[in-house]
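Take a look at the structure below.
The values are calculated or read from the model by the stated rules, or taken from the named source; none is laboratory data. All values reported here derive from a predicted model rather than from experimental measurement. FYI the Cβ positions are ideal-geometry reconstructions off the backbone, even for glycines, and counts take in every protein chain you see.
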Amino acid sequence: MNQDELKTLVGQAALQYVEPGTIVGVGTGSTVNKFIDALAGIRSTIAGAVSSSVASTERLKALGIPVFEANEVGELAVYIDGADEIDHAGHMIKGGGAALTREKIVAAQSRKFICIADESKLVQVLGRFPVPVEVIPMAAQRIIREFAALGGSAAIRLKEGRPLVTDNGQHILDVTGLQISDPVAFESRINQWPGVVTVGVFALNKATVCLLGTASGVKTLTF
Ligand code: 5RP
């Protein structure tokens, strides 16, 4: 199976965590797009979704799934999202699709975080994938220097030659050269830096379950 087929497999497998009659938390990315497509097949059994990005909202609505604002609803039973990396304890790097802030918000509103990923995303130590950090633009250069002091190299993410602007009107730094051996401490530390909106390490609120797409089928990792 190729990577796209593995994404389809885990997107479909995630349906088992969707509770009838509830509102589902929905992440962002190519793997989640497979989940959204699968969710459309059972849309009459759910109340709707809370979405983590403009892109996912558009896809959900186009498939006839009602989308609610996070503030309109209470706690969600499950949040289903992909990851750029996940370790063996359920800590993740996320934000490759620039949606990390809303992803963290919807995940925090949910009882369970179901991560869907193909096996290329499973790592021993987080940090091979550049860590996305959403920042207030006026703080970007100072935060780049702070990461350099930690041994990392941060660069402003560009789109068509200009800084990418997130759904929240902010910028993204991508940080390479870090080995994140203590993800909880790392997330807690970077969260304190003025101008950081969200760091793309999801450790304080990590995955509950990971559905990992492998050549021999879907493996369920429980944390
Ligand atoms: C978006 C994310 C995605 O979940 C992450 O980038 C994985 O994406 P994909 O499923 O396309 O590999 O965090 O901000």
Selection within the stretch 61-85 - outside any loop (DSSP other than H, G, I, E, B), under 27 Å from ALA47 (Cα atoms) and either modelled with pLDDT under 95 or more than 8 Å from the ligand (Cβ to nearest atom) (or both): LYS61, ALA62, VAL67, PHE68, ALA70, ASN71, GLU72, LEU76, ALA77, VAL78, TYR79, ILE80
Scanning for something touching a Phe, Trp or Tyr at 6+ places or on another chain (Cβ under 7 Å) and either modelled with pLDDT of 95 or more or buried (at least 17 other Cβ atoms within 10 Å of the Cβ) (or both), does the stretch 131-140 turn up at least one residue? no
Single unsatisfied condition, ALA185 versus (1) part of a loop (DSSP other than H, G, I, E, B); (2) without any contact (Cβ under 8 Å) to a residue 12 or more places away in the chain; (3) more than 23 Å from SER56 (Cβ to Cβ): (1)
(1) among the hydrophobic types (A, V, I, L, M, F, W, C); (2) free of Cβ contacts under 8 Å to residues at least 12 places away in the same chain; (3) surrounded by 15 or more Cβ atoms within 10 Å (Cβ to Cβ) all hold for VAL197 apart from (2)
Those residues of the stretch 86-116 which are assigned to a strand (DSSP E or B) and either more than 15 Å from the ligand (Cβ to nearest atom) or surrounded by fewer than 24 Cβ atoms within 10 Å (Cβ to Cβ) (or both), in sequence order: SER110, ARG111, LYS112
Of the candidates GLU85, GLU69, GLU75, the one satisfying the condition of being free of Cβ contacts under 8 Å to residues at least 24 places away in the same chain and acidic (Asp, Glu) is GLU69
Sort through GLN3, GLN12 and tell me the only one that's of a type outside the set (Val, Ile, Thr) and at pLDDT below 95. GLN3
List the residue pairs whose Cβ atoms are under 6 Å apart, where the first residue sits in the stretch 91-103 and is touching a residue at least 12 places away in the same chain (Cβ under 8 Å) and closer than 20 Å to LYS159 by Cα, the second is within 6 Å of the ligand (Cβ to nearest atom) and polar (S, T, N, Q), and the two are 6 or more positions apart or on different chains. GLY97/THR28; ALA99/THR28
What do you reckon, is GLU119 in contact with a strand residue (DSSP E or B) (Cβ under 6 Å, 6 or more places away or on another chain), among the charged types (D, E, K, R) and buried (at least 16 other Cβ atoms within 10 Å of the Cβ)? no
Restricting to the stretch 151-162, name every residue that is out of contact with any Phe, Trp or Tyr (no Cβ under 8 Å at 6 or more places or on another chain) and either modelled with pLDDT under 95 or under 21 Å from LYS104 (Cβ atoms) (or both). GLY152, ILE156, ARG157
Complete set of residues in the stretch 119-172 that are part of a strand (DSSP E or B), touching a Pro at 6+ places or on another chain (Cβ under 7 Å) and in contact (Cβ under 8 Å) with a residue 40 or more places away in the chain: LEU126, ILE172
